[in-house]
Amino acid sequence: MPTTVFDAAPGARDFLLPDVGEGLTEATILSWSVRPGDRVEVNQVIVEIETAKAAVELPSPYAGTVAALHAQQGDTVDVGRPIVTITADPEPGTSPEPEPADAALGGEAKLLVGYGARERPTTRRRRPAPVKVPRPVAGRTRVAAKPPVRKLAKELGIDLRAIRPTGPGDTVSRDDVRAAAAAVSEAPAPTAAAAAAVQALTPERETRVPVRGVRKHTAAAMVASAFTAPHVTEFVTVDVTETLGLRERVAARREFAGVRVTPLLFVARALLLALRRTPEANASWDEAAGEIVLKHYVNLGVAAATERGLIVPNIKDADRLSLRDLAGELAELTATARAGRTSPAAMSGGTVTITNVGVFGVDTGTPILNPGEAAILAFGAVRRMPWVVDTDGVERIEPRSVTQLALSFDHRLVDGQQGSQLLADTAATLTDPTLAML
C-alpha cells in the first residue's frame, strides 16, 4: 500500500519493526495510534501489532513529529523493515542529521518501556528459499502475486484465483492480469442459466479469512507437533466429589478472599504433584544434540481461547507456588488472555500444559502437544453420574461428581508406564485430596 507521508524533513528517523519475541520474523499491524503530522514523545504508544504469539503495543523510540507511516492496518511486515518515520527533535547543540536506524535502535530504543537490552545479530536472518510447487488453477486459497499486480487485478475486476500464473516463481504477472481482462471483455454475453450459475458461486456465499498472527502460528505449531512427536493419549474417568468439597472449604477461607477458586486450580495442583514422581514428562527433546533435557522447574502452560485464536501462556515456576499464589496466577493469566494483552514472554518457555475443555461442555479429547513439551493434560466437564462407592468392602451406587482426564505425551520421552503413572497419580489425588499430604 502507498506510504502516507507528512512533510518529511532533515532529522527524519526510521523506526524498524523489532523482534519482540523469540526469533519472530513478521508481525501484522493491528492499529495505529498516530497519524502523519502528530506530535509524539519517547515511550508514547504509537502502534499495536500482532505477532505469532500475542498482540503487543510498541512505544515510540523518538520524540518528534510523525513524518510517514510505511504500513497500513492489516499489513504484514517483516522484522527489520521500517514501519514509521519520525522527524526527531534535535538535541541542544547537536546536528539534526539522522543517525542510522540500527544505531538508533541499539541506543535509544533499548531504554523504551517494554524493551530490554539484548544483543542484535551481526548478520541478517535469511529465510529459506520457497519451494516451488505447481498450483492448480481452481481451488487455490492463496495466489502468489506482487502488490501492484493485486491492485491492477482489483481495478480490472479480475479474480486472481482464476488466472494461470506464468510469471517467475509461479507468480501472477501484470500480463497475466491484462490477458484475463481482455478475455473477459471479448467473451459473449452469458445466458440467463450461466448468469445464475455464476451468481451461485459469487463471494457472498463464502468468506475468506486471512491466516495471520496467533492463528497462523498455532496452525504451524500444531502441524509440526502432530507430525514430529509420536503422540500417545490415555484416558481415565475420575470421581472428583471430594476435591469439589475441598474447593468449597478452601474458597471459604480468609486468605482466599477475592481469589477465584476453580476446579482447574486443583487439577493443576494434582498434575504438579504427580510430576514429582514422573519428571520425564517435564522434559524436551533436543534433536540436534541427541539429548533429552529434563527440566528442574515447571512452567505450567494453560491453553486459553481468545478472539485471535488459541494461545498457551504459562505460569513460571508453578511447582514452587502455594495454592493461594497458584490461584492468583491462574486468574491473572486468564484475565490477561481474554483482554488480548498476553506478552510474548508469557508465551515462551512452557514445559507442560493443561487444557480445560470442560468449560465447553466437552467430556474429553485427544490434545496435541505444545511444541517442545512432553505432556499435555485435558480436563473434561464435571458431571453428576451414578458411581459405585466401596465403603469397607460394601458397595453401593451413589450420585457423584465425575470427570474425565486425557493425557497426551511424547513417546520419545515418556514410555507407556511413565505416562500411565503420571495420569493415575493425578487422578488419585483428585479422588482423594488427602493423598497430597503424603
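General observations
- Some residue of region 320-327 being at pLDDT below 95 and either of a type in the set (Lys, Arg) or more than 13 Å from Ile354 (Cβ to Cβ) (or both): no
- Out of Ala375, Ala381, Ala346, sole residue that is aliphatic (A, V, I, L, M), under 15 Å from Val267 (Cβ atoms) and touching a residue at least 40 places away in the same chain (Cβ under 8 Å): Ala375
- Selection from region 71-92 of residues that are surrounded by 21 or more Cβ atoms within 10 Å (Cβ to Cβ) and outside any strand (DSSP E or B): Ala71
- Screening the candidates Ile368, Ile311, Ile376 for the property of being more than 28 Å from Phe256 (Cβ to Cβ), in contact with a Ser or Thr (Cβ under 7 Å, 6 or more places away or on another chain) and crowded, with 16+ Cβ neighbours inside 10 Å yields one hit, Ile368.
- Taken over region 229-261, the criterion of being open to solvent by less than 30 Å² (accessible area, probe 1.4 Å), within 25 Å of Ala281 (Cβ to Cβ) and of a type in the set (Val, Ile, Thr) is satisfied by Val238, Val240, Thr243.
- Conditions (1) modelled with pLDDT of 95 or more; (2) farther than 17 Å from Thr243 by Cα; (3) surrounded by fewer than 23 Cβ atoms within 10 Å (Cβ to Cβ): number failed by Pro399: (2)
- Among the candidates Ala345, Ala303, Ala327, the residue that is out of contact with any Lys or Arg (no Cβ under 6 Å at 6 or more places or on another chain) and open to solvent by 50 Å² or more (accessible area, probe 1.4 Å) is uniquely Ala345.
- Candidate set: region 196-214, residues that are at pLDDT below 55 and not hydrophobic (A, V, I, L, M, F, W, C); chosen: the one farthest from Arg308 (Cα to Cα): Thr202
- Of residues in region 50-70 being modelled with pLDDT of 90 or more and among the β-branched types (Val, Ile, Thr), the one surrounded by the most Cβ atoms within 10 Å (Cβ to Cβ): Val66
- Among the residues making up region 19-42, those that are in a loop (DSSP other than H, G, I, E, B) and modelled with pLDDT under 90 are Asp19, Val20, Gly21, Glu22, Gly23, Leu24, Thr25.
- Selection status of Val389, aliphatic (A, V, I, L, M), modelled with pLDDT under 95 and over 19 Å from Gly301 (Cβ atoms): yes
- Residue pairs whose Cβ atoms lie under 8 Å apart, sitting 6 or more positions apart in sequence or on different chains, and linking a residue in region 233-248 that is within 18 Å of Gln421 (Cα to Cα) and touching a residue at least 12 places away in the same chain (Cβ under 8 Å) to a partner that is among the small types (Gly, Ala, Ser) and assigned to a strand (DSSP E or B), are Thr233/Ala406; Thr233/Ser408; Glu234/Ala406; Phe235/Ala406; Asp239/Ser401.
A quick yes/no check of all residues on (1) loosely packed, with under 10 Cβ neighbours inside 10 Å; (2) at pLDDT below 70; (3) not acidic (Asp, Glu):
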position	(1), (2), (3)
Ala117	yes, yes, yes
Pro128	yes, yes, yes
Val133	yes, yes, yes
Thr141	yes, yes, yes
Arg161	no, no, yes
Ser173	no, no, yes
Asp176	no, no, no
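- Scanning region 292-323 for residues that are assigned to a strand (DSSP E or B) and among the aromatic types (Phe, Trp, Tyr) yields a total of 0.
- Count of region 402-432 residues which are open to solvent by 30 Å² or more (accessible area, probe 1.4 Å), more than 25 Å from Asp286 (Cα to Cα) and either assigned to a strand (DSSP E or B) or touching a residue at least 24 places away in the same chain (Cβ under 8 Å) (or both): 5
- Candidates Ile376, Ile368, Ile311, Ile354 - the one that is over 22 Å from Leu244 (Cβ atoms), of a type in the set (A, V, I, L, M, F, W, C) and in contact with a Leu (Cβ under 7 Å, 6 or more places away or on another chain): Ile376
The values are calculated or read from the model by the stated rules, or taken from the named source; none is laboratory data. Worth saying up front: this structure is predicted, and the values here are computed from it rather than measured. A quick note on method: Cβ atoms are made from the backbone with ideal geometry, for glycine too, and the neighbour counts reach across all protein chains shown. Only protein heavy atoms, including side chains, enter the accessible area calculation; ligands, DNA and RNA are left aside. Shrake-Rupley method; radii C 1.70, N 1.55, O 1.52, S 1.80 Å.
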